[in-house]
Amino acid sequence: MNPMARDHEALFPASESDDLRRRWNDIQASFVDEPKPSVEKADQLVASVIQKLAQVFAEERSKLESNWSKGGEVSTEDLRQALRRYRSFFDHLLSV
């Protein structure tokens, strides 16, 4: 893992992560009695997490873009800071 990636905040609030893990544990526990419905529920859960991740990352990218693409003159220092934030964001994407 990239050492910089460890500095990122969690993708989901702790309560949401706990709920997702609880739901996953419930799915696993139900597998013995209901294998196919368990796999279907797992697929739905994973799809919803992927959708949420896409939303979180799209919002973050939009924030980054708004910092430098305001139009007009942008200083080299502002662009340097923007590139630094993009690097951090890129590292975060790769750490997922």
- Note on the structure: Residue hits (region 29-68; surrounded by fewer than 11 Cβ atoms within 10 Å (Cβ to Cβ), charged (D, E, K, R) and not in a helix (DSSP H, G or I)) are ASP33
- Message: Give me the residue from region 1-28 that is hydrophobic (A, V, I, L, M, F, W, C), surrounded by fewer than 13 Cβ atoms within 10 Å (Cβ to Cβ) and not in a helix (DSSP H, G or I) and, out of that set, modelled with the lowest pLDDT.
- Response: MET1
- Note on the structure: Expected output for region 7-18 (first residue over 23 Å from ARG84 (Cα atoms) and among the polar types (S, T, N, Q), partner modelled with pLDDT under 90 and open to solvent by less than 80 Å² (accessible area, probe 1.4 Å), Cβ below 8 Å, 6+ apart or cross-chain) is SER17/ALA10
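Considering only residues that are in a helix (DSSP H, G or I) and among the small types (Gly, Ala, Ser), look in region 69-96 and name the one that is farthest from ARG22 (Cα to Cα). Quick ask: steps written out before the conclusion?
Let us first name the residues in region 69-96 that are in a helix (DSSP H, G or I), namely 76-95.
With the extra rule that they be among the small types (Gly, Ala, Ser), the set shrinks to 82, 88, 95.
Details: ALA82: 38, SER88: 30, SER95: 23 Å.
Residue satisfying both the conditions and the ranking: ALA82.
The values are calculated or read from the model by the stated rules, or taken from the named source; none is laboratory data. Predicted model, so just to flag it, every value in this text is computed and none were measured. When we count neighbours, we look across all protein chains shown, and the Cβ atoms used for this are built from the backbone with ideal geometry, even at glycine. These area figures cover heavy atoms from the full protein model, side chains too; ligands, DNA and RNA do not enter into them. Shrake-Rupley method; radii C 1.70, N 1.55, O 1.52, S 1.80 Å.
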